[in-house]
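Report on the following structure.
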Amino acid sequence: MFKALEMWKQFQESDAAYIMKQLLGALSYCQTRNVVHRDIKLENILVDALVESKRNVKIINFSNAINISNKKAGEIVGTPNYMAPETIEGEFSSKSDVWSLGVMAYVLLSGEYPFDGPTSDDVLYKIKDDECNFDGNFLSNFYTLNSKNMEENFRRSKRFNYKNA
C-alpha cells in the first residue's frame, strides 16, 4: 500500500473508504480471536492491484501480533507514527490497532502523518500530548464536514483521550 501512496500522493475519499472498510473487517476478525496486530501501517497492507478503482487489501506481517487474553503484551513494538498513546505506555488492546487504522486513513487522505517529527522520540511526544498535524491537504478535503469544529474539539475534548475511551 505504501507504494500506491507514493504513486498517487493521496487517495480519493471513496477509495480510502473502500480500503478502510476492508481493513476494519479484517481487524474485527482478529478481535474475535483476541489477536492484536501491534504494527498496522501502510507497509503491512498488500494491495492486489494499483490501477483498479476497487482495490482489495490484506493485512500482513503478524510477527508482532499477540493474543490479548494473556493481558500483558510485554515489550513495546510497532512503528512510532502509527502508535496509539496507550501503546507508548506499554498497554495493548484492540483499540491500539483501530488507532493505527485511523492514522492510516489520515495518511491515505492527506499524504502525510498526523503525528510526525524528525525523530521517533519527537513523534511519540506529539502522540502523547495530542499535537496532531491538521495542516496541509487533509482539511481542504473535509471543510464540508465541518472540520474546523473537529479540530477544535480534538484539541479541547477529553473524550479523545484514550484513557477515557
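The values are calculated or read from the model by the stated rules, or taken from the named source; none is laboratory data. Values in this document were obtained by computation on a predicted structure and should not be read as measured data. Cβ atoms come from the backbone with ideal geometry, glycine included; neighbour counts cover every protein chain shown.
One table, with the values for the structure above:
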| quantity | calculated |
| --- | --- |
| Residues that are part of a helix (DSSP H, G or I) and among the hydrophobic types (A, V, I, L, M, F, W, C), drawn from the range 18-45 | Ile19, Met20, Leu23, Leu24, Ala26, Leu27, Cys30, Leu42 |
| Filter pass, Asp97 being touching a strand residue (DSSP E or B) at 6+ places or on another chain (Cβ under 8 Å), at pLDDT 90 or above and either of a type in the set (Asp, Glu) or loosely packed, with under 15 Cβ neighbours inside 10 Å (or both) | yes |
| Residue within the range 58-76 that is in a helix (DSSP H, G or I), modelled with pLDDT of 90 or more and within 16 Å of the chain's Cα centre (by Cα) present | no |
| Criterion: touching a helix residue (DSSP H, G or I) at 6+ places or on another chain (Cβ under 6 Å) and either touching a residue at least 40 places away in the same chain (Cβ under 8 Å) or among the aliphatic types (A, V, I, L, M) (or both) - qualifying residue of Ile88, Ile76, Ile68 | Ile88 |
| Among residues of the range 77-94, those that are at pLDDT below 85 and crowded, with 21+ Cβ neighbours inside 10 Å, counted | 1 |
| Which numbered condition Val51 misses (of (1) hydrophobic (A, V, I, L, M, F, W, C); (2) at pLDDT 85 or above; (3) surrounded by fewer than 18 Cβ atoms within 10 Å (Cβ to Cβ)) | (2) |
| Checking Val123 against (1) in contact (Cβ under 8 Å) with a residue 40 or more places away in the chain; (2) surrounded by fewer than 18 Cβ atoms within 10 Å (Cβ to Cβ), the condition it does not meet | (2) |
| Hits in the range 77-90 (condition: assigned to a helix (DSSP H, G or I) and hydrophobic (A, V, I, L, M, F, W, C)) | Ile88 |
| Elements of type helices (runs of 4 or more DSSP H) in the range 102-162, at least 1 residues being closer than 21 Å to Thr87 by Cβ and modelled with pLDDT under 85 | 147-156 |
